[in-house]
1. Compute the separation of the alpha-carbon centres of segment 125-152 and segment 167-221 and state it in Å as a whole number.
2. How much length would be gained if the chain were fully extended between residue 164 and residue 287, taking 0.36 nm per residue of separation minus their Cα-Cα distance, in nm to one decimal?
3. Only loop residues by DSSP count here, and only those with at most 11 other Cβ atoms within 10 Å; note down the trypsin sites (Lys or Arg not before Pro) in segment 167-273 that meet that.
4. Cut-off under 25 Å on the C-alpha distance; same-chain residues fewer than 8 positions from residue 150 excluded. Which lysines are left, in chain and number order?
5. When DSSP assigns beta bridges and you keep just the ones with both residues in segment 2-244, what percent turn out antiparallel, to the nearest 5?
6. Please compute the Kirkwood hydrodynamic radius of segment 74-145 from all pairs of different C-alpha atoms, in Å with one decimal.
7. For the residue pair residue 209 and residue 56, what label-to-label distance in nm results when each label sits 7 Å from Cα along the Cα-to-beta-carbon direction?
8. Got a sec? How would 95, 166, 130 order by Cβ neighbour count within 10 Å, fewest to most?
Amino acid sequence: MKGIILAGGHGTRLYPVTQQISKQLLPIYDKPMIYYPLCTLMHAGIREILVITTPQESNIFKELLKTGEQWGIELSYATQAKPRGIAEAFIIGESFIGSDSVCLILGDNILHGDNLSTRLQQVKKQNQDSTIFGYYVSDPERYGVIEFDKDDKPINIIEKPHTFISNYAVIGLYFYNNEVVKIAKNLIPSLRGELEISDINQYYLDQKKLHVEKLGRGIAWLDTGTHKSLLDASNFIYVLEQRQGLKIGSPEEVAWRMGYISADKLEVLAKPQIKSGYGKYLIALLN
Ligand code: G1P
């Protein structure tokens, strides 16, 4: 299974902060935002990952994340010239995906919770036609939303519904079989001019090939679309990291725990980062 992180877009809801810099490079407390979704894919056991960015910022992402070899993974890069929608990721990534299945994560989605890693590895192993996740939120109108019938079966996926249909938002993490490339290519842009991920999900649903998993309240799903939610996400990471003395979203740590890199390698990665305390943390893991 291949992985894609979509880190394009202009982040206009965060202006002026994102006027000159990609939202996914902003810090969430002590790490660049993109570290978090990257770690989610690594936790799922996905090691071949395509990072899609704006053309303007492609080099900054490459300098930050490099080839991935340092973390025992393989990163490639592509660009999305205009924000033409999330589903375009599968068209841009067509040759990277090849004949594989694919997991897409949005570069601004932060997931944290007990057993999440095992759960994602199971989803990967189950190899369903498609799997998406529903998360109970207080403001579903901001997201793609899943409507369920009285037997709790999904019957509709609606992007940013104007009237209330349910509290279950579709989070920005999607597992699809290879058919998704063809489906994306046949999509018609929505009224906002985008190839909608919700239309892909609706397609799988209509074919009775959509598997929806609900994530319970023990899992935190944060997005960072507004100034407030950005600050909330930083505060959330800060509070947990202070309390436990354990970091969330460290690719070095995940790589080492997943067995992608050796202890020696971890030490090498830690050294240049000693001054910020981040490196010290990584060294302490080894003791
Ligand atoms: C996008 C998707 C939406 C999904 C959300 C998750 O919304 O279109 O279906 O629920 O990401 O973060 P956007 O960020 O484009 O508003």
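1. Centre-to-centre distance over Cα atoms comes out at 9 Å.
2. 39.1 nm
3. 192, 208, 217
4. Filter leaves 160, 208, 209, 214.
5. 50
6. Every distinct Cα pair counted, the radius reaches 14.9 Å.
7. 3.8
8. With the fewest neighbours first, 95, 166, 130 line up as 95, 166, 130.
Values quoted throughout were computed directly from the atomic coordinates according to the rules given, and no laboratory measurement underlies them. This is a predicted model, so every value here is computed, not measured. Quick reminder, even Gly has a Cβ in these numbers, built from the backbone with ideal geometry, and neighbours come from all protein chains shown.
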